[in-house]
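Below is one structure, written out as structure tokens; comments come after it.
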Amino acid sequence: MNKNSSNTMALAPNTSNKRETVCIFGTGDFGRALGYKLIQSGYPVVYGSRSTQTSSLIPKDAEVLSHAEAAQKAAIIVIAIQRQHYNFLTSLAEILRGKILVDISNNVKINQYPESNAEYLAQLLPGAKVVKGFNTVSAWALQSGTLDASRQVFVCGDDMEAKQMVMDIVRALGLTPLDQGSLLAAQEIENYPLQLFPMWKFPILLSLGLTTFFFFYCLVRDVIYTYVYENKDFSFFIAISIPNQICPILALMLLALVYLPGLFAAIIQLYRGTKYSRFPDWLDKWMLCRKQLGLVALAFASLHVLYTLVIPIRSFVRWRISSQTVSQALKNKTEPLDNTNAWLSDSYLALGILGFFLFVLLGITSLPSVSNNVNWREFRFVQSKLGYLTLILCTAHTLVYGGNRFLSPSSYRWYLPSAYILSLIVPCIVLVVKFVLVIPCLDKPLTRIRQGWERKPKYSG
Ligand code: NAP
């Protein structure tokens, strides 16, 4: 074996148009899928396998050799084998010296091992240049070409040149490499595929909790109370009336919760007199999932619109209108139009329509395809100024909905106020605090702090 020739090959830049051979250890699902994709992109592929017998599943233009033979044919070797089988690689240490080993492995649990699989591979083969990559791409997506949702390939490694060569392959396959730094980042990259919607967890759990709470709250007030005191069975409210109370409540509360962490951050910065110190962890996490909170709020607002549209065709509503008409006919007296009520109801509908329109606009601008086309100032303008305007309109919509019934003692049932009153607490707090913060004597120092004018904190130790 000519050790030197294979080692020089490892770092020789590719000057010709001909692609360099890529070796893949392992003819399993991922090894085969990657092999197909590499061959399609013009790379000669050689497999290193325990069995050199080729099968119909293996790409027909690829060679299947023993691990040692295959490794000598390429500078880059993709290790498409589970971590628990890495031990046998130590017997190939000499052949693998100087080669670029691409660790694509995943685990079944987050932080399953003390060190990442890539770092473990680097410890087993200190002479090789280990690069982490491809682990967030599934074999199925690679082979079927349905990579729209996962075109990004996170890459990390200690050797810049080796990392660059792997990123070139990633690009040649039509994917987008994202350099995550040194091999220390491998643990985090290995955890990505095991995470289940991390940014959505808090908004979804919160909305589930609030939905459950408000469902039982409305059930007690609107169904059980009426049954106990008026002996009326309004259990059918569960289908439309109660959901149509819960949806706007959640939309409004979650929208307010999008803006609340920004206010906490402003208060903390004002108190500390600097922006150069970290926010508490809970606040950081909350700030990071504001977009998801806003989108869940928009989903509830859209449901509210749909539920509202069916109100005129509900049999309960048609029955109530016809019985009012009949009762007027029997009394032979037409109720005069209540102008105040007409104003209230039209204003509340108008505020709702405008609020929902801006809500949708906010949702649209948070889509990556739209937000990528506006600059940072425009994005902030839409998300902050239009966002607050949406919150003001939606809060006003709820306040006017209450109208003259708002806080009237007769609307209490078992001392419980109407659910929409509870939904106003957080938005009103947010709007009042925001109003206080835009007063010049607070806004000016806050702007200075945010522009980095104020002192940096002294770090001890
Ligand atoms: P797989 O279908 O089970 O294939 C694993 C391959 O490893 C086998 O085909 C075998 O190849 C080789 N192997 C098994 N036991 C071995 C041993 N004791 N010694 C040496 N080689 C052994 O698994 P896979 O789905 O392709 O996954 C391979 C790696 O890719 C894993 O680390 C996985 O985490 C990672 N990955 C997979 C996917 C995916 O969608 N499947 C996505 C991202 C990352 P030979 O028979 O040819 O020797």
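Computed quantities for the displayed model
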item	result
Among the listed pairs LYS18/LYS132; LYS99/LYS163; LYS37/LYS132; LYS163/LYS285; LYS291/LYS444, those beyond 22 Å (Cα-Cα)	LYS18/LYS132; LYS163/LYS285; LYS291/LYS444
Which of GLU378, GLU115 is most accessible, then next, and so on - probe 1.4 Å	GLU378, GLU115
Reduced Cα scattering model of region 22-194, Debye log10 I(q)/I(0), q = 0.20 Å⁻¹	-1.47
Gyration tensor (alpha-carbon) shape descriptor, region 353-461, a/c threshold 1.5	oblate
Cα shape, region 242-348, gyration tensor, a/c 1.5 rule	prolate
Whole-Hz ³J(HN,Hα) from phi, Karplus 6.51 cos²θ - 1.76 cosθ + 1.60, for region 169-184, glycine and proline x	5, 4, 5, 4, 7, x, 10, 10, x, 10, 6, 9, x, 6, 5, 4
Whole-number D in µm² s⁻¹ for region 210-258, Kirkwood Cα-pair radius fed into Stokes-Einstein, 4 °C, 1.567 mPa s	114
Kirkwood-type radius of region 165-209, with distances r between different C-alpha atoms, in Å	13.2
On Cα atoms only, tilt of 290-309 relative to the major axis of the chain in degrees	40
Rotationally averaged projected area of the chain (alpha carbon convex hull; nm²)	33.2
The chain - percent relative contact order, Cα under 8 Å, separation 6 or more	11
Neighbour net charge for ILE169 - beta-carbon separation under 13 angstrom, K R +1, D E -1	+2
Hull volume in cubic angstrom per residue (convex hull over the Cα atoms of region 159-233)	126
C-alpha long axis of helix 339-365 to longest principal axis of the chain, angle in °	10
Accessible area in the full protein assembly, largest first, 1.4 Å probe, for LYS60, LYS163	LYS60, LYS163
Helix axis angle, 198-218 relative to the chain longest principal axis, alpha carbon, degrees	20
Rounded, prolate or oblate (a/c below 1.5 giving rounded, otherwise prolate when a/b exceeds b/c) for region 177-281 by Cα gyration tensor	oblate
11 Å beta-carbon shell around ALA122, net charge (K/R +1, D/E -1)	-3
Given the chain, longest segment not containing exposed loop chymotrypsin sites (Phe, Trp or Tyr not before Pro) (DSSP; at most 11 other Cβ within 10 Å)	1-413
DSSP-defined beta bridges in region 22-194 - what % are antiparallel, rounded to 5	10
The chain - share of DSSP beta bridges that are antiparallel (%, nearest 5)	10
Where the chain is the region considered: accessible area per residue in Å², 1.4 Å probe	56
Ellipticity estimate at 222 nm from DSSP helix runs (n ≥ 4, -39,500 (n - 2.57)) divided over the chain, nearest 500	-16500 deg cm²/dmol
For SER241, net neighbour charge (Lys/Arg +1, Asp/Glu -1) across residues whose Cβ lies under 10 Å away	0
Directionally averaged projected area (convex hull, Cα atoms, region 198-451), nm²	17.1
Amide proton proximity set for PHE154, modelled H, under 5 Å, gap of 5+	PHE134, THR136, LEU178
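The values are calculated or read from the model by the stated rules, or taken from the named source; none is laboratory data. Just so we're clear, the structure is a prediction, and the values are computed from it rather than from any experiment. As a convention, Cβ positions derive from the backbone with ideal geometry for all residues, glycine included, and neighbour counts pool all protein chains shown. These accessible areas exclude ligands, DNA and RNA; they are computed on the full protein's heavy atoms, side chains included. Shrake-Rupley method; radii C 1.70, N 1.55, O 1.52, S 1.80 Å.
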